[in-house]
Amino acid sequence: MNDDSRALALLGASTEGALLRRTYNKHIADLHVQLETQRDSTRAAELRGRVMAYREMLRDIDPQKAPD
């Protein structure tokens, strides 16, 4: 693989990672909105679990940019 091919591969991977981060962060934000109005504790626990799962996926993509 030459330098140009490597650079394009890295750019593609970083673009895909950025798209995934943006998508996961949007899902997390949407879940937080749902949590604000949720009165059912079982449903709220499910939503918090989903938020934690998305955060874990963000850590897998890029540990440096994952939310706390």
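The values are calculated or read from the model by the stated rules, or taken from the named source; none is laboratory data. Predicted model, so just to flag it, every value in this text is computed and none were measured. Here the Cβ positions follow ideal geometry from the backbone for every residue, glycine too, while neighbour counts run over all protein chains shown.
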Evaluate segment 61-68: report whether one residue or more is part of a helix (DSSP H, G or I) and not hydrophobic (A, V, I, L, M, F, W, C).
no
Evaluation of residue 52 against (1) of a type outside the set (Val, Ile, Thr); (2) loosely packed, with under 15 Cβ neighbours inside 10 Å; (3) over 30 Å from residue 15 (Cα atoms) (one fails), failing number
(3)
Of the residues that sit in segment 24-47 and are closer than 13 Å to residue 58 by Cα and surrounded by 13 or more Cβ atoms within 10 Å (Cβ to Cβ), which one is modelled with the lowest pLDDT?
24
